[in-house]
Every structure is written in C-alpha cells, then in structure tokens.
1. If a residue has to be touching a strand residue (DSSP E or B) at 6+ places or on another chain (Cβ under 7 Å), modelled with pLDDT of 95 or more and in a strand (DSSP E or B) to count, how many in region 96-145 make the cut?
2. Name the residue that is modelled with the lowest pLDDT, counting only residues in region 72-95 that are farther than 16 Å from GLN154 by Cα and of a type in the set (S, T, N, Q).
3. Quick one: is PHE186 out of contact with any Ser or Thr (no Cβ under 6 Å at 6 or more places or on another chain) and not in a loop (DSSP other than H, G, I, E, B)?
4. Do you know which residues across region 149-168 are modelled with pLDDT of 90 or more and over 17 Å from LEU116 (Cα atoms)?
Amino acid sequence: MSEQVKKEETHGLSRREFLKDAGLVVGGATIGSMGLLSACGKATTETLTQTKTVTQTGGVTTVTKTGGVTTVTVTAPPTGPTGTFTTMTINSKKYELVNLSAWWSLSWVLREVLGLVGTKTGCNRGECGTCTIIMNGKSVASCMVLAVEANNAQIQTIEGLSGQSGQKLNPLQQAIFNDDALQCGFCTPGFLMSAQALLNKKPKPTFDEVREALSGHICTCGNTKFYVDAVMKV
C-alpha cells in the first residue's frame with residue numbers, strides 16, 4: 001500500500017469516497033430543490049376553498065368560498081321545508097343558496113342569511129319602499145319577492161352601489177350627501193336604489209320622471225323633496 005493511500009486512510013475517508021459522497025449530497029440537494037420548485041408551481045394553480053359556519057337570525061349557515069363562487073348552505077333553518085337550490089348574482093358575486101325555506105322573502109335572505117343589512121325592511125308588504133333593490137335591471141320591493149323566485153337573477157343592493165371597492169361614493173350617493181337629503185337615513189337605501197335604476201335607463205331624467213320613480217317610497221322625516229332635488233343634480 002502506498003504512502004498516499006495510507007495518509008487518506010488515517011483520516012477514515014479517502015478522497016475518492018469523499019468526492020463520491022459529496023456528489024450524492026449535491027445531486028440530492030439539486031433534485032430536492034427541483035421537487036420543491038415543482039411543488040410550489042403546482043400550488044399556485046390550485047383553487048383556494050374557505051369554509052366557515054355562521055349563526056344568524058336566518059339560522060345556522062355554512063359558507064364555502066371556492067374561486068369566485070360563494071355557496072351558502074342553511075344547515076339549521078328555524079322553520080319550513082328544505083332542499084331548495086337557488087343561484088343568484090349579487091353585487092357581481094355569484095352565490096349558491098342551499099336549503100332556503102320556500103316562503104322566505106328575498107329581503108329576509110339578503111339580510112338574515114347573507115348579512116347584507118344595507119337593505120332595510122319596513123312594512124313587509126310592498127308599501128314603504130325601504131327594501132328596494134335592483135333585480136334584472138328593475139327596481140323591486142325585495143319583501144314582495146320569494147328568494148326562490150330570484151333564481152338566476154342579477155341583483156344589486158345598496159352595498160354594491162359604489163362598485164367592488166366600496167371606497168368612494170358614486171355620483172348619486174355624492175349628490176344625496178351634498179344636498180343633505182337624508183335625515184334619519186332608514187329610507188335612504190330604498191330611495192337610492194330606485195333612483196339608480198332610473199338613472200341606469202335614463203341618465204338625464206325629467207323632474208316628473210324622478211318624482212314618479214320615487215313615488216313608491218315613504219320618508220317619515222318628510223325629506224322626499226330633497227331626494228328628488230338631489231337626483232336632478234346627478
């Protein structure tokens with residue numbers, strides 16, 4: 001045995017073995033890194049699903065968000081039959097509603113199941129206008145519509161009036177604010193939705209057209225004239 005080999009053996013590991021083992025370590029690290037990067041790449045293509053349970057007046061609901069669709073399942077409705085399946089788009093977001101009682105009004109579901117409490121309820125008989133929303137382009141009293149009747153409907157509530165961000169007032173809201181048209185504010189969402197439905201169809205309505213569009217609303221504070229004047233300034 002040569003002196004060179006003896007020196008390598010005294011350290012317990014030859015150069016040849018060291019280089020061989022080092023190559024395995026480096027190669028393994030490279031393969032591991034490639035696998036990690038590959039896994040990260042796959043993770044970015046997966047759809048995130050979030051699930052939570054919410055207890056509200058409308059019962060216990062399970063809310064599942066997958067991609068752009070929110071599925072709301074009423075797991076413990078207080079009354080009524082179950083088994084219904086309704087889809088609707090509210091403020092540009094798609095909702096799948098499962099197990100709604102067949103006689104629940106749309107205003108009830110918006111407020112008590114989905115938590116969109118900007119829509120107010122007053123008379124519950126279509127007389128006061130406080131629950132007005134825009135459905136399929138028309139202003140409707142949501143207390144007079146069964147939720148299951150709104151299947152596949154396009155709905156806009158006061159929460160969606162200023163767009164997705166909700167950070168700025170839209171021109172109609174700004175006009176109402178500038179004219180100090182509201183007093184207690186309870187009837188304001190309904191006035192706004194009817195006025196917006198009119199402006200969507202006719203951006204520059206006449207005074208009489210505005211009065212007619214808002215005629216189904218009751219303002220117990222007596223501010224109806226100020227709402228009409230504000231809409232005329234949009």
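The values are calculated or read from the model by the stated rules, or taken from the named source; none is laboratory data. It should be emphasised that the depicted structure is a prediction, and the values quoted were computed from it without experimental measurement. Here the Cβ positions follow ideal geometry from the backbone for every residue, glycine too, while neighbour counts run over all protein chains shown.
1. 7
2. THR79
3. Values: out of contact with any Ser or Thr (no Cβ under 6 Å at 6 or more places or on another chain): yes; not in a loop (DSSP other than H, G, I, E, B): no.
Judged against the criteria, PHE186 is not a match.
4. Residues satisfying the conditions are GLU149, ASN151, ASN152.
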